[in-house]
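Quick notes on the structure that follows.
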There are 2 protein chains.
Amino acid sequence: MNHFGDVVRERRERLRRQDRRYSLRQVAQRIGLEPAYLSKIERSEAAPPSEAATVRLAGELGEDPDVLLALAGKVSRDLQDIIRKRPRLFAELIRQLKDAPDHAVLRVVREVRDGDW
Amino acid sequence: MNHFGDVVRERRERLRRQDRRYSLRQVAQRIGLEPAYLSKIERSEAAPPSEAATVRLAGELGEDPDVLLALAGKVSRDLQDIIRKRPRLFAELIRQLKDAPDHAVLRVVREVRDGDW
DNA sequence: CGGAGTGTGTCCTATGTAGGACACATGAAT
DNA sequence: ATTCATGTGTCCTACATAGGACACACTCCG
């Protein structure tokens, strides 16, 4: 399993090679965290930050927020709220899709998008 | 919005009318919580308990665990783990279904269940 | 009446979450 | 050589989570 801190560090250092504004300190400042704290996060000495901070970090790094949250072991609040409003329905759907291959899930996504409900 | 504590209390007292083993104390003991704590939960003086305790409570009351967890403002860990493994896919699907009517979601559930992927 | 069982008030605690403050050593640039 | 920025080590904190312990007052019922 890819760990949160490693991914963040790699992403940031890759960006940094082209733009020196991606130092740990500057990124930390832009997303509103203390450098020492971000340092600990990148070395997995501290757990991933809050959802809000993780999303800001994703923005800064050009990463998909849902992916970064997933690496942090979380599911974004807005998705949880959608599920919470119709728990039986969504619980069943998601459990059904657990072992479905990607392409099957994608087909469903497309069907729904183009759906005429 | 129906509150967690009220639902639990109502459910329990309904059961109690037919079976006096559904006193607060006895239920608390069966699910492994202190009576004083369960009392606070039912009166919303304390927040809903942990996911594990909530699920045991649901079992005791004959309620759907996902529904009770939803009332507790939570989404069960196992669902979150399914989403976390394919965050982009599931995030897109769930957001698409946000405003879809129940019957549309149900149709998708059925399609997937009978699906030949 | 006297006990058994019931719900609740009060107080306490351990662990986790989400960071901030500050100092320090190193390295890069001028 | 000095300045400046960089990453990091150490220490500290406020709040939330998830309860346990115990005592108390009421009530039901044999």
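The values are calculated or read from the model by the stated rules, or taken from the named source; none is laboratory data. Computed from a predicted model, the values in this text were never measured in an experiment. Don't worry about glycine lacking a Cβ; one is built from the backbone with ideal geometry, like all the others, and counts go over all protein chains shown. Ligands, DNA and RNA are stripped out before the accessible areas are found, and what is left, the full protein with its side chains, is counted by its heavy atoms. Shrake-Rupley method; radii C 1.70, N 1.55, O 1.52, S 1.80 Å.
Report relative contact order for the stretch A:3-117 in percent, whole number only (criteria: Cα-Cα under 8 Å, sequence separation at least 6).
Working: 72 pairs, mean separation 21.8, N = 115.
Value for the stretch A:3-117: 19 percent.
Residue by residue through the stretch A:50-65, which ³J(HN,Hα) values in whole Hz follow from phi under the Karplus form 6.51 cos²θ - 1.76 cosθ + 1.60 (θ = phi - 60°), with glycine and proline marked x?
So the J values, rounded to whole Hz, are 4, 4, 4, 5, 4, 5, 4, 4, 4, x, 4, 8, x, 9, 6, x.
What number results when the radius of gyration of the protein assembly as shown, computed over Cα atoms, is divided by 2.2 N^0.38 Å?
1.24
I'd like the mean, over residues of A:58-67, of how many other protein chain beta carbons sit within 10 Å of each residue's own Cβ. Please report the intermediate quantities before stating the final value.
On the way: counts 0, 0, 0, 0, 0, 0, 3, 2, 10, 5.
Across A:58-67, the average partner-chain Cβ count within 10 Å equals 2.
Take the solvent-accessible surface of the protein heavy atoms, probe 1.4 Å, and return the percent of it on chain B that carbon and sulfur atoms account for.
Summing carbon and sulfur atoms, their accessible area is 45 percent of the total for chain B.
Excluding same-chain residues fewer than 8 positions from B:Lys85, which lysines have a Cα within less than 29 Å of its Cα?
Within reach: A:Lys40, A:Lys74, A:Lys85, A:Lys98, B:Lys74, B:Lys98.
Using the basic label-point model (7 angstrom from Cα toward the beta carbon), what is the B:Ser23 to B:His3 distance in nanometres?
The modelled label-to-label distance comes out at 2.6 nm.
Compute the accessible area per residue over the stretch A:4-54, keeping the other protein chains in place, probe 1.4 Å, unit Å².
On the way: 3190 Å² over 51 residues.
About 63 Å² of surface per residue is accessible.
On a C-alpha basis, how far is the centre of the stretch B:1-58 from the centre of the stretch A:1-64 in Å? Whole number, if you could?
After rounding, the separation between the Cα centres reads 43 Å.
When a/c reaches 1.5 or more, the comparison of a/b and b/c decides; with that in mind, is chain A rounded, prolate or oblate per its Cα gyration tensor? Before the final figure, lay out the partial values.
Details: a/c = 2.53, a/b = 2.14, b/c = 1.18.
Note, shape of chain A comes out prolate.
So what is the 222 nm mean residue ellipticity for chain A from helices alone, if each DSSP H run of at least 4 adds -39500 (n - 2.57) and you divide by all residues, rounding to the nearest 500 deg cm²/dmol?
Numbers: 8 runs with 82 residues, N = 117.
When only DSSP H runs of four or more count, the value is -20500 deg cm²/dmol.
Please average, across the residues of A:73-80, the number of beta carbons from any other chain that are within 10 Å of each residue's own beta carbon, and give a whole number.
Details: counts 3, 4, 12, 5, 1, 4, 10, 8.
Taking all residues of A:73-80 together, the mean is 6.
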